[in-house]
Amino acid sequence: MSVERRVPGEAPEASVQEHLARYRFARDRVGGRILDVACGAGYGTSMLGAVGVDLSWDALAAARSETDRLIRCNALRLPFGAAFDAVVSFETVEHVPDPEGFVEECRRVLKPGGIFVVSTPNRELWSPRSPKPLQPHHVKEFSLREFRALLRPFRGVEWFGQLLMGRG
């Protein structure tokens, strides 16, 4: 998985604010035990009172200033059973080599009826008419139609602009 992080003080302010807005959106819609997949610097993990997972030791070291509920792991092999009421993952799926496996892992760790809140850049805006992503950190970008198809394992998928939310 390639690295692209939004760290307050290092990333452009507009980008950080957009990312924070995703976490505020999730905070208003989820509860119970929450997993933040690819938690990065941990500010969203802290905001949600979530357990955060990330593959990067550097990201987890930075996140420790926000929360201590962190685990290093690969998003394609989460070390949990069906333990979470909600899973959030923002701007992650475009970085993983197996998007279907990633979505299945997020579904697998949800309790029955759990909620998955996920976002990804819209390929039609980021890399229009390009056969591959123009953003060098992205492995695969999705159109809205492709993103919805990727989330077909979930019931009741709802679209909120760039965010999709589905029930397990």
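The values are calculated or read from the model by the stated rules, or taken from the named source; none is laboratory data. Treat the numbers as computed from the prediction; the structure is a model and nothing was measured. Cβ: placed from backbone, ideal geometry, glycine included. Neighbour counts: every protein chain shown. Just so you know, the surface numbers come from the protein's heavy atoms only, side chains and all, with ligands and any DNA or RNA stripped out. Shrake-Rupley method; radii C 1.70, N 1.55, O 1.52, S 1.80 Å.
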### Task
Output yes when any residue across the range 24-35 is at pLDDT below 90, surrounded by fewer than 22 Cβ atoms within 10 Å (Cβ to Cβ) and not in a loop (DSSP other than H, G, I, E, B), and no when none is.
no
### Query
Here are some conditions: (1) farther than 27 Å from GLN135 by Cβ; (2) assigned to a strand (DSSP E or B); (3) open to solvent by less than 30 Å² (accessible area, probe 1.4 Å). THR67 meets all but one. Which one does it not meet?
(2)
### Query
Looking at the range 114-151, which of the residues that are at pLDDT 85 or above and part of a helix (DSSP H, G or I) is surrounded by the most Cβ atoms within 10 Å (Cβ to Cβ)?
PHE147
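Being among the hydrophobic types (A, V, I, L, M, F, W, C) and touching a Phe, Trp or Tyr at 6+ places or on another chain (Cβ under 6 Å) narrows it down to one of ALA75, ALA62, ALA41, ALA83, so name that one.
On the way: ALA62 fails: touching a Phe, Trp or Tyr at 6+ places or on another chain (Cβ under 6 Å); ALA41 fails: touching a Phe, Trp or Tyr at 6+ places or on another chain (Cβ under 6 Å); ALA83 fails: touching a Phe, Trp or Tyr at 6+ places or on another chain (Cβ under 6 Å).
Result of the check over ALA75, ALA62, ALA41, ALA83: ALA75.
Taking GLY81 as the residue in question, decide whether it is at pLDDT 95 or above and of a type in the set (Gly, Ala, Ser). Even if it seems obvious, please write down each step before you answer.
Numbers: at pLDDT 95 or above: yes; of a type in the set (Gly, Ala, Ser): yes.
It is true that GLY81 is at pLDDT 95 or above and of a type in the set (Gly, Ala, Ser).
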### Summary
Residue hits (the range 81-105; hydrophobic (A, V, I, L, M, F, W, C) and under 15 Å from LEU55 (Cα atoms)) are PHE90, VAL93, VAL96, PHE102
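Is it the case, given these coordinates, that ARG107 is touching a strand residue (DSSP E or B) at 6+ places or on another chain (Cβ under 6 Å), basic (Lys, Arg) and either surrounded by fewer than 13 Cβ atoms within 10 Å (Cβ to Cβ) or in contact (Cβ under 8 Å) with a residue 60 or more places away in the chain (or both)? Give the steps one after another, and end with the answer.
Details: touching a strand residue (DSSP E or B) at 6+ places or on another chain (Cβ under 6 Å): no; basic (Lys, Arg): yes; either surrounded by fewer than 13 Cβ atoms within 10 Å (Cβ to Cβ) or in contact (Cβ under 8 Å) with a residue 60 or more places away in the chain (or both): yes.
So ARG107 fails the test.
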